[in-house]
Amino acid sequence: MAAEEVSLSGHIQHHLTNAKMCSTDTGLAFNKACSDSGFWTWHIDTLAWSIGLGLLFLWVFKSAASKATLGVPGKWQCFIEMVVEFVDLNVKDTFHGKSKLIAPLALTIFVWVFLMNLMDLIPVDFLPALAGLIGSSAFGMDSHDVYMKVVPTTDINLTAALAIGVFLLMIGYSIKIKGIKGFIAELTLHPFSSDNKLVQVLLIPFNLLLETIALVAKPFSLALRLFGNLYAGELIFILIGAVGLMQLPLHFIWAIFHILVIVLQAFVFMMLTIVYLSMASSDNH
Amino acid sequence: MELVLGLKYIAVALLIGFGAIGTAIGFGNMGGKFLEACARQPDLAPSLQVKMFILAGLIDAVAMIGVGIAMVLLFVL
């Protein structure tokens, strides 16, 4: 917590606010100046942490790959191979078509989401307080005005962006494998169909409604599941952090439970991506 | 204003509580069935476990969306 006493709800608010950046008439503006800048507001902390963790993932895996030996592998190489093989196994079990994209995509999603979720286990006050200290000593700002939300997946913009990426891939794969006609047919001639042409035409709007809802619900549930889990978890960490010395055992218990949540959510996001893409590229109805 | 605040707390309680009931029933059913299946066919356990975790994520989702909305109501709005 900051030096002077702030209310609990203000403390929580401070933790859950992103560092914003937007351009105004006078140039770039930050945080509170951006409160009414509308759509073009950048959450710079989310962007910085997520891109940084993405680069970390790339660097770690690339260095492990370039140092890989056929002889006795080191522990680090074994670990990377385990991760790659685990993802590879799941992709092979679930995705039956041929694609060069799916397995690297699944690996990226799994490790990246995992790393972003892992930021949740860093003590909640540590990085925001550090940012506040830097902001107040180097830039002369009030440390209450320095916002820093370190877990990128607790920002719905990021999870929604990931889900939209998967959604576009789903549509792209559908059109690529089945053609435009096949894609439209899938949306309109399913699940209710009839041999009678007139009845079939009458059923099209109903089918279209059902299938569109089913299609659009996928990215929504993908984004909101990850966001909801991590947001609720982060909030409970913040609440525990506010109870004084008793927080140490509580933190320990919740962090152990949270390790499960972190890996599970990364895994579920990866699996559902594979399943959705597999559904999109299978040609059987 | 106080009425609005009280209603907000009730809404949060309902969101979290009913979500929890739903997931509890879902997890109970699924975990029980999983153990039963594992006891009958132990060699299928690994592949069932993967599928169970996917379903766990699916069951979790709706309740967690509710919890997320409840937390936003409680602390942000």
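The values are calculated or read from the model by the stated rules, or taken from the named source; none is laboratory data. From a predicted model like this one, the values you see are computed outputs, not experimental measurements. Every residue, glycine among them, receives a Cβ derived from its backbone with ideal geometry; neighbour counts consider all protein chains shown.
For the stretch A:9-52, how many residues meet the condition of being in a helix (DSSP H, G or I), within 14 Å of another protein chain (Cβ to nearest Cβ) and crowded, with 16+ Cβ neighbours inside 10 Å?
Adding up the residues that qualify gives 4.
Residue by residue, here is whether (1) aliphatic (A, V, I, L, M); (2) within 27 Å of the chain's Cα centre (by Cα) holds:
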{"position": "A:Ser9", "(1), (2)": "no, yes"}
{"position": "A:Lys32", "(1), (2)": "no, yes"}
{"position": "A:Ser35", "(1), (2)": "no, yes"}
{"position": "A:Trp42", "(1), (2)": "no, yes"}
{"position": "A:Gly52", "(1), (2)": "no, yes"}
{"position": "A:Gly74", "(1), (2)": "no, no"}
{"position": "A:Ile80", "(1), (2)": "yes, yes"}
{"position": "A:Val91", "(1), (2)": "yes, yes"}
Mind listing whichever residues of the stretch A:53-75 are in a helix (DSSP H, G or I) and exposed (fewer than 13 other Cβ atoms within 10 Å of the Cβ)?
A:Leu55, A:Trp59, A:Lys62, A:Ser63, A:Ala65, A:Ser66, A:Lys75
Tell me which residues, restricted to the stretch B:47-77, are more than 10 Å from chain A (Cβ to nearest Cβ) and farther than 30 Å from A:Thr17 by Cα.
B:Leu48, B:Gln49, B:Met52
Taking the stretch B:55-77 as the region of interest, how many residues are modelled with pLDDT under 80, buried (at least 19 other Cβ atoms within 10 Å of the Cβ) and β-branched (Val, Ile, Thr)?
1
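I'd like the full set of residues that are part of a helix (DSSP H, G or I), loosely packed, with under 14 Cβ neighbours inside 10 Å and under 29 Å from the mean Cα position of the chain (by Cα), limited to the stretch A:111-143.
If the condition is that a residue be part of a helix (DSSP H, G or I), loosely packed, with under 14 Cβ neighbours inside 10 Å and under 29 Å from the mean Cα position of the chain (by Cα), then A:Phe126, A:Leu130, A:Leu133 are the ones that fit.
Here's the yes/no breakdown for (1) of a type in the set (Phe, Trp, Tyr); (2) within 13 Å of chain B (Cβ to nearest Cβ):
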position	(1), (2)
A:Leu209	no, no
A:Ser221	no, yes
A:Leu224	no, yes
A:Leu245	no, no
A:Phe269	yes, yes
A:Leu272	no, yes
A:Val275	no, yes
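Here's the yes/no breakdown for (1) within 18 Å of A:Leu162 (Cα to Cα); (2) modelled with pLDDT under 80:
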residue	(1), (2)
A:Thr26	no, yes
A:Ala33	no, yes
A:Asp45	yes, no
A:Ala48	yes, no
A:Ser66	no, no
Determine whether the stretch A:186-196 contains at least one residue that is at pLDDT 85 or above, surrounded by fewer than 12 Cβ atoms within 10 Å (Cβ to Cβ) and more than 30 Å from the chain's Cα centre (by Cα).
no
